[in-house]
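J.: There's a structure below that I have some questions on.
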Amino acid sequence: MKLPNKKGKFGIFGGKFAPETLMEPLAQLEKTYKEIVKSKTFQQELNIYLKVYAGRPTPLYFAKNFSERIGVKIYLKREDMAFTGAHKINNTIGQVLLAKYMGKTRVIAETGAGQHGVATSTAAALFGLKCDVYMGEIDIKRQALNVYRMKLLGANVKAVSSGTKTLKDAMNEAMRDWIATFENTHYVIGSVAGPHPYPMIVRDFQVIIGKETKKQILKIEKKLPDYLVACVGGGSNSIGLFYPFENDKNVKFIGVEGGGKGLDTDLHSATLCKGSPGILHGSLSYVLQNHDGQIHPTHSVSAGLDYPGVGPEHSFYKETGRAQYFEATDQDVLKAFHFLSETEGIIPALESSHAVAWVINNKEIFKPADIIIINLSGRGDKDVQEVANIEEGNL
């Protein structure tokens, strides 16, 4: 059965838990989206921009040196080579083009690591729409380069000082903005989270990752991989990779969350590993919460995974056992950041380094004939100064 169902549910997860003022805009967005995406004109325009502007298809790269160290074949899906440096551009070109077709004149977005903010700003500049990006004050400090890139692209970066001053609070503020401005504004949610139809829309724009990967690995190896490994914050890069393989039951899905200082502390972002079902940002999914349903503060060395929720489709995958979810600590992630840089000459984003770390830490479970694909969801240029500061003891 193709999910979500008509109520926007993935099993018990998902749905549309939103203020009354947003129910009609959400219903209209769903209706318009389903009409527009079937349009040949929209699809042709989207495909052209993804190819000649965003740089698709991205390569599937055999990591020879990494493979020799682990003892299996490891391929990297090079989303770090997409325009703006991450998978986020797949979704933002789709959604901002959708906003243009809907007659909107402004887009807004939330961002943590800044990659979604940069990608939204890029697409807004391309299609001539005004753009405001909400970003927590803490993330603004640790992602200064991306903040400047957004401003350079003509976006207005709005600092969020409430709550934990990170991604959760940026999303809260963006939601408030959209409630007041939906008549002329489209909210470009960056992950497979939020109320229906957003988890479906973002997934649909990101499945190009998995579709390309499937075609590429079959051409190279003449068989499907044994493992697909990707980091999970909200979960768009991982769902984009996993979804086209959903019915290939011999392909194992591995999602890796932000383990922070460890799961035995409160300083982590491992929602699927340690959370429980609850409602956050308009949908029912796993969240990090206390006994009263209040959201826990989170921590991760990577701003993009520093989020207390996760997409409802991932929650469904966890409940059904289709995917397994683990964590990687900040310490292991920093080691993986250096490891891939030194062995392959590829500097991975801290988010992507979680997936690399899981493979390194679990090499004993693999068989020599296994094929592993890691989704390298973004490049690490944005993180170099942050890592340098951490290692020099300045943070």
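J.: Would you mind telling me which numbered condition in (1) of a type outside the set (D, E, K, R); (2) buried (at least 24 other Cβ atoms within 10 Å of the Cβ); (3) closer than 22 Å to V356 by Cα H196 fails?
T.: Here H196 meets the rest and fails (3).
Quick grid of which residues meet (1) modelled with pLDDT of 95 or more; (2) more than 24 Å from I140 (Cα to Cα); (3) of a type outside the set (S, T, Y):
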{"position": "T271", "(1), (2), (3)": "yes, no, no"}
{"position": "P312", "(1), (2), (3)": "yes, yes, yes"}
{"position": "R322", "(1), (2), (3)": "yes, yes, yes"}
{"position": "Q331", "(1), (2), (3)": "yes, no, yes"}
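J.: Can you tell me which residue is nearest to F42 (Cα to Cα) among those in segment 201-221 that are aliphatic (A, V, I, L, M) and touching a Phe, Trp or Tyr at 6+ places or on another chain (Cβ under 8 Å)?
T.: Looking at the filtered set, the residue picked out is I201.
J.: Could you grab me the full set of residues in segment 8-22 that are modelled with pLDDT of 95 or more and either among the β-branched types (V, I, T) or on the phi < 0 side of the Ramachandran plot (or both)?
T.: Scanning segment 8-22 gives K9, F10, I12, F13, K16, F17.
J.: A further question on this structure: Within segment 143-160, work out how many residues are surrounded by fewer than 21 Cβ atoms within 10 Å (Cβ to Cβ) and at pLDDT below 95.
T.: 2
J.: Among G321, G304, which is within 14 Å of S238 (Cβ to Cβ) and small (G, A, S)?
T.: Answer to the selection: G304.
J.: Taking segment 105-141, which residues are assigned to a helix (DSSP H, G or I) and buried (at least 24 other Cβ atoms within 10 Å of the Cβ)?
T.: Q115, H116, G117, V118, A119, T120, S121, T122, A123, A124, D139
J.: It is to be established whether one or more residues within segment 59-67 are among the basic types (K, R), modelled with pLDDT of 95 or more and either more than 30 Å from P308 (Cβ to Cβ) or assigned to a loop (DSSP other than H, G, I, E, B) (or both).
T.: Yes.
J.: Would you mind stating whether I12 is within 24 Å of the chain's Cα centre (by Cα), among the aliphatic types (A, V, I, L, M) and closer than 18 Å to S191 by Cβ?
T.: No: the conditions fail for I12.
J.: Further, regarding this structure: Can you tell me which residue is farthest from M150 (Cα to Cα) among those in segment 94-111 that are free of Cβ contacts under 8 Å to residues at least 60 places away in the same chain and not basic (K, R)?
T.: Taking the candidates together, the pick is G103.
J.: For segment 12-32, what are the residues that are buried (at least 17 other Cβ atoms within 10 Å of the Cβ) and out of contact with any Gly (no Cβ under 7 Å at 6 or more places or on another chain)?
T.: Once the filter is applied, which keeps residues that are buried (at least 17 other Cβ atoms within 10 Å of the Cβ) and out of contact with any Gly (no Cβ under 7 Å at 6 or more places or on another chain), segment 12-32 yields F13, L22, P25, L26, L29, E30.
J.: From the list I140, I179, which one is of a type outside the set (D, E) and more than 19 Å from S300 (Cβ to Cβ)?
T.: Answer to the check: I179.
J.: Out of all the residues in segment 75-82, is one or more part of a helix (DSSP H, G or I), touching a His at 6+ places or on another chain (Cβ under 8 Å) and open to solvent by less than 70 Å² (accessible area, probe 1.4 Å)?
T.: Checked against the condition, which is being part of a helix (DSSP H, G or I), touching a His at 6+ places or on another chain (Cβ under 8 Å) and open to solvent by less than 70 Å² (accessible area, probe 1.4 Å), segment 75-82 yields at least one hit.
J.: Same structure again: Identify the residue in segment 45-79 that is small (G, A, S) and over 15 Å from P348 (Cβ atoms) and, among all such residues, is nearest to the chain's Cα centre (by Cα).
T.: So the residue we want is A54.
J.: Hey, another quick one. Take segment 340-358 and flag every residue that is in a loop (DSSP other than H, G, I, E, B), touching a residue at least 60 places away in the same chain (Cβ under 8 Å) and open to solvent by 10 Å² or more (accessible area, probe 1.4 Å).
T.: I346
J.: Do you know which residues across segment 28-45 are among the acidic types (D, E) and either farther than 22 Å from N184 by Cα or in contact with a strand residue (DSSP E or B) (Cβ under 8 Å, 6 or more places away or on another chain) (or both)?
T.: The answer is E45, and nothing else.
J.: Among the residues of segment 359-395 satisfying the criterion of being assigned to a loop (DSSP other than H, G, I, E, B) and among the charged types (D, E, K, R), which is surrounded by the most Cβ atoms within 10 Å (Cβ to Cβ)?
T.: Looking at the filtered set, the residue picked out is D370.
J.: Identify, please: which residue in segment 314-339 is polar (S, T, N, Q) and touching a residue at least 24 places away in the same chain (Cβ under 8 Å) and is, among those, farthest from R203 (Cα to Cα)?
T.: By that ranking, first place goes to T329.
J.: Name the one entry in I89, I138 that is out of contact with any Cys (no Cβ under 6 Å at 6 or more places or on another chain) and under 19 Å from E173 (Cβ atoms).
T.: The match here is I138.
J.: Right, something else. Of K165, K158, which residue is assigned to a strand (DSSP E or B) and free of Cβ contacts under 8 Å to residues at least 40 places away in the same chain?
T.: Answer to the check: K158.
J.: Here is a follow-up. Of the residues in segment 367-389, how many are at pLDDT 95 or above and in contact with a helix residue (DSSP H, G or I) (Cβ under 7 Å, 6 or more places away or on another chain)?
T.: 11
The values are calculated or read from the model by the stated rules, or taken from the named source; none is laboratory data. All values derive from a computational prediction rather than experimental measurement. Cβ: placed from backbone, ideal geometry, glycine included. Neighbour counts: every protein chain shown. Side chains included, ligands, DNA and RNA excluded: accessible areas come from the protein's heavy atoms. Shrake-Rupley method; radii C 1.70, N 1.55, O 1.52, S 1.80 Å.
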